[in-house]
Amino acid sequence: MAWSQNYKDLAHLVCQVTREVFEASAGRLKVVGRAGVGIDNVDLGSATEVRAWGRWSNVGIDNVDLGSATEVRAWGRWSNVGIDNVDLGSATEVRAWGRWSNVGIDNVDLGSATECGCLVVNAPTANTVAAAEHGIALLCSMARNIPAANASMKAGQWERESFVGTSLSGKTLAVIGFGKGLVASPHAMKGLAASPHVMKGLVASPHVMKGLAASPHAMKGLAASPHAMKGLAASPHAMKGLAASPHVGSEVAKRAKGLGMNVIAYDPYASAEKAAAMGAHMATFEDALRVADFFSLHMPLTPATKNLFDGNAFSKIKRGARIINVARGGVICEKSLLQALESGQVAQAALDVYKEEPPNFETNALIRHPRVICTPHLGASTAEALEGVALEVVEAVLDALEGKLSPNAVNAPMVPAEVLKELQPYIRLAEGLGKAAVSLVGETGFHDVNITYSSPRGDDLDSRLLRAMVIKGILEEVTTARVNLVNADLLARNRGFKVFEVTVYSDGSDILTSMSVSLGTNASKFSAAVDRASRIYVEGQVRNGAPFITKIGNFDLELPVQGCVLLTRQVDQPGIVAGISTLLAKDECNISFMTVGRTGKNMEAIMAIGIDQDGNVGQRNEWYSKGLELIHKGKAGVLLLAGGQGTRLGSIIPKGCYDIGLPSGKSLFQDTLSHFEEHDYFGLLKEQVHFFQQGFLPCLTVEGKIILETPSRIAKAPDGNGGIYRALQRSGLLNKMCEEGVECLDVYCVDNALARIADPLFLGYCHSRGAEVGARVVSKAYPEEKVGVFALRDNRLAVVEYSEIDPAVSSSLDPDHPGELLYNWANICMHYFSTSWLHKDGPVQGIKLELFIFDPFPIAEPENVALVQVERAAQFAPVKNAPGSSTDSPETARAAILSLHSSWVKAAGGKVTSEEGLEVSALISYAGEGLEDLCEGATFTSASSETLLRP
């Protein structure tokens with residue numbers, strides 16, 4: 001590689017960590033290097049053109065001021081602290097910023113860098129082998145108790161019998177996070193384009209040819225154009241994306257095989273073929289937990305992997321298993337690991353990463369645990385890895401300065417404006433096709449992506465932007481990651497998406513005649529989207545500057561790429577369009593366009609209907625206004641089912657007083673009389689707040705005999721939350737509510753941490769339709785979820801408890817709604833009652849010793865019952881199980897609150913950098929409204945913010 005002398009010096013600087021300043025001259029500073037100490041004494045003075053800056057230091061650089069350096073071309077840095085407060089001064093042309101760091105880029109202010117037109121590049125792959133070697137070192141050290149034995153020897157002790165280890169040979173190692181498949185490496189494919197074997201392997205791929213089999217034009221064009229294949233082989237851009245680069249997990253697997261271990265792997269994105277090639281075999285997560293003797297963790301920290309190893313996972317592993325973590329601290333619940341070590345479920349652990357880094361050495365019990373080996377995040381810390389990372393960053397910065405797209409860029413790309421202008425309508429088409437295709441994928445996901453371009457330019461078509469936009473469209477529907485034109489390819493590879501491209505020559509004057517996207521999958525939400533090659537298939541064109549989808553599956557149609565679209569499949573016959581239109585009109589859903597694709601008269605057809613996503617927004621506003629009116633005029637009341645003691649939570653205090661660990665320290669509901677008195681009844685009159693007790697029923701033996709608490713007193717137990725009806729009558733509150741004009745009640749349970757109290761939309765909807773009984777429901781998370789479901793029993797709507805339903809019935813799917821459970825509407829104990837209905841007397845058919853609040857629902861006529869489906873993440877976070885449980889625990893409820901409140905802040909224009917989210921006081925916002933003035937442009941770095949916790 002021929003570098004200019006200036007950049008060659010920079011590479012030498014970052015690799016060798018020199019302390020010299022090169023080529024300093026008045027008014028022009030070519031390369032500056034500094035290491036080990038602060039740089040506040042480096043004065044650029046009148047250096048008006050800083051060409052490159054490299055620095056290796058463990059202290060901050062917030063005191064760096066480039067002064068009058070108006071053209072900073074490149075900045076390289078290795079550091080363990082943030083760079084978001086670097087003052088670029090009047091440097092108006094910062095072209096590239098390279099960072100080589102072992103703590104990620106979460107402390108780089110990407111927004112500011114992008115604002116300055118600065119491309120930020122990272123070095124993600126050069127330290128792979130180093131991390132794998134560290135994992136193996138920890139594995140061996142743990143198995144043979146080397147750290148403890150060494151400490152014993154240094155203390156002057158000879159204790160051979162105390163450090164008997166365990167053999168690795170013949171043991172089973174589970175590698176969790178095995179490999180990303182094919183990963184970008186700018187070095188790996190160098191010179192490969194000239195190899196005749198490259199295209200041979202591509203042609204032999206059954207996925208590629210399978211996708212092309214349905215298109216005779218595609219194969220015809222491919223066969224007729226020798227330039228098509230030649231051009232692809234000669235294109236460094238085409239092959240760059242297919243370069244093989246190692247993953248830490250797979251590198252650990254290779255080395256473990258050398259130690260005689262049996263290796264299994266769990267990774268939802270890795271291929272079984274890749275594992276088999278390394279002598280490993282893929283397993284499910286459950287199987288890995290069950291059979292492994294050792295676990296080595298190598299997955300990124302995502303919402304899906306956070307606390308993957310929790311109490312539930314540890315309970316399923318072999319007793320005495322051992323675990324190594326060189327991935328991310330958050331993938332293990334540290335509290336659960338400590339409990340597993342104390343109980344002996346986990347024999348030993350070796351940790352290189354921690355949830356908090358550096359950890360609190362005084363409070364973190366894992367650090368001090370005798371059966372835990374700890375290292376301070378040394379995975380990438382070898383001289384060779386550091387040099388490799390430095391070279392990778394420098395090469396990426398060089399690419400950026402030459403205007404090339406860097407695969408390691410993490411923010412906006414540097415794309416020539418003229419190229420973007422020419423491709424603009426096709427970029428919209430590419431993204432739209434990606435979104436459309438992935439939205440049709442069923443629950444099993446997809447394993448590869450085929451993109452076909454029909455273009456008059458043939459092999460001269462630069463498809464990088466189009467490919468990236470297809471991937472962007474796909475990823476943004478299935479991940480929360482930041483996706484742009486530069487990192488789309490890398491993110492796809494990181495998630496194991498295999499992307500294949502074919503360019504077919506076509507006639508015409510436009511840059512692109514058409515393009516198609518097909519996904520390999522076993523299931524689709526819409527069966528008509530599957531083509532003859534058994535792949536989800538969408539095709540599109542640009543017409544008059546606007547993108548259109550022109551084919552779905554085997555059906556031709558003309559569908560604009562915009563808005564929300566409803567797809568239906570039917571036999572072509574009269575009355576279908578009218579019937580669907582009538583159905584949508586009943587739901588006040590407006591139709592914006594409609595198009596039909598059919599295979600022939602009276603044959604199979606599909607219909608695409610453009611609908612306004614919030615078709616009944618006007619009606620919703622009316623319901624919301626009605627609910628506010630009911631609250632304002634005192635016609636709506638709120639009834640809290642406060643519950644008893646938090647016994648299942650391991651607490652003897654009232655459940656409502658239980659602290660789930662929020663930053664504010666607030667409990668589920670401060671429901672004691674003294675608390676209300678201390679806070680002056682929160683703005684209400686004392687007469688408006690009523691505390692009353694539920695009833696009791698006698699306790700009986702299994703023979704039906706009454707149990708005595710004392711010789712003169714009957715033993716009693718609470719009559720359940722269904723006793724609320726009798727308690728309202730006995731306390732006189734029901735009559736009092738009617739006298740004061742209260743027309744309806746909003747009822748909720750104290751153990752739902754996300755209960756939206758007196759939701760105006762819910763109240764207004766139920767009241768407007770004259771409902772006697774109403775309930776908010778959520779879709780079941782999974783068939784075995786322990787929640788009751790709404791169902792018809794003797795033609796009356798009732799709640800059937802989970803314990804009453806056969807598991808096979810719970811798992812039954814709805815034939816009319818593919819992919820949904822037949823009994824899907826979960827009762828979350830958030831109810832509406834009209835006070836007139838509460839006065840009704842139902843027929844007495846027997847006595848039930850413990851009543852549920854939903855037991856009387858069948859008394860109401862079905863047409864007078866309203867069910868409103870709400871979003872689980874916004875309104876349901878139960879606290880039922882003890883701390884440390886994987887579901888419905890104080891921890892999961894806390895996480896749900898902080899996540900929801902974070903989404904409010906982001907929607908209001910704020911930025912949340914706290915990994916766990918943050919809390920917003922209910923006195924500041926009820927459901928995310930009114931936060932713009934507090935949040936817009938603000939950054940919140942911790943879960944606890946005075947701005948959002950105190951009005």
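Some observations on this one:
- In segment 417-562, the portion of solvent-accessible area held by carbon and sulfur atoms comes to 44 percent [1.4 Å probe, whole percent, DNA, RNA and ligands not counted].
- Subtracting the Cα-Cα distance of GLU936 and ASN360 from 0.36 nm times their residue separation leaves 204.0 nm of extension gain.
- For segment 417-562, share of DSSP beta bridges that run antiparallel, in % to the nearest 5: 75 percent
- SER803 paired with PHE696, simple spin-label distance in nm, labels 7 Å along Cα-to-beta-carbon: 2.2 nm
- Computed lengthening from LYS318 to ASP462, 0.36 nm per intervening residue step minus Cα-Cα distance: 46.6 nm
- Relative contact order [Cα under 8 Å, 6+ residues apart], segment 663-775, whole percent: 19 percent
- Accessible surface of HIS690, taken over heavy atoms with a 1.4 Å probe and every protein chain present, rounds to 80 Å².
- Amide hydrogen neighbours beyond the local backbone of THR503, cut-off 5 Å, H modeled: TYR453
- Percentage relative contact order, segment 625-670, counting C-alpha pairs under 8 Å, at least six apart: 21 percent
- Relative packing of 887-893, 713-719, which averages over residues the other C-beta atoms within 10 Å, highest first: 887-893, 713-719
- Simple spin-label estimate for SER343 and LYS601 in nanometres, 7 Å along Cα-Cβ: 7.1 nm
- Solvent-accessible ranking of THR550, THR582, largest area first, probe 1.4 Å: THR582, THR550
- Label positions at SER768 and ALA151, each projected 7 Å from the Cα along the C-beta direction, are separated by 6.7 nm.
- A Förster radius of 35 Å combined with the Cβ-Cβ distance from GLU863 to HIS447 puts the calculated FRET efficiency at roughly 0.15.
- THR382/SER527 FRET efficiency (R0 45 Å; Cβ-Cβ; nearest 0.05): 0.30
- Accessible heavy-atom area order of ASP448, ASP462, ASP572, ASP556, highest first, probe of 1.4 Å: ASP556, ASP462, ASP572, ASP448
- The mean sequence distance of close C-alpha pairs (under 8 Å, at least 6 residues apart), as a share of the length of segment 514-568, puts its relative contact order at 28 percent.
- Per residue value of the accessible surface for segment 898-951 (all protein chains in place, 1.4 Å probe), Å²: 51 Å²
- Solvent-accessible area per residue, Å², over segment 417-562 with all protein chains present [probe radius 1.4 Å]: 40 Å²
- Overall, segment 890-948 carries a charge dipole of about 100 debye about its Cα centre when +1 sits on the Cβ of Lys and Arg and -1 on the Cβ of Asp and Glu, all other atoms neutral.
- In terms of distances greater than 27 angstrom between alpha carbons, the cross-link table entries LYS274/LYS786; LYS786/LYS906; LYS655/LYS686; LYS472/LYS780 yield LYS274/LYS786; LYS786/LYS906; LYS472/LYS780.
- Given charges at Cβ of Lys, Arg, Asp, Glu: segment 890-948 dipole, positive-most of LEU948, SER921, LEU898: LEU898
- Taking all protein chains as shown and a probe of 1.4 angstrom, ILE924 keeps an accessible surface of around 40 Å².
- Net length gained if the chain between ASN544 and VAL164 were fully extended (0.36 nm per residue, minus Cα distance): 129.1 nm
- Note on ALA272 and LYS716: with the Förster distance fixed at 51 Å, the Cβ-Cβ geometry gives a FRET efficiency of about 0.25.
The values are calculated or read from the model by the stated rules, or taken from the named source; none is laboratory data. Just so it is clear, the model here is predicted, and its values are computed rather than measured. Positions of Cβ are generated from backbone atoms using ideal geometry, with glycine treated the same way; all protein chains shown enter the neighbour counts. We work out accessible area using only protein heavy atoms, side chains counted, and drop any ligands, DNA or RNA first. Shrake-Rupley method; radii C 1.70, N 1.55, O 1.52, S 1.80 Å.
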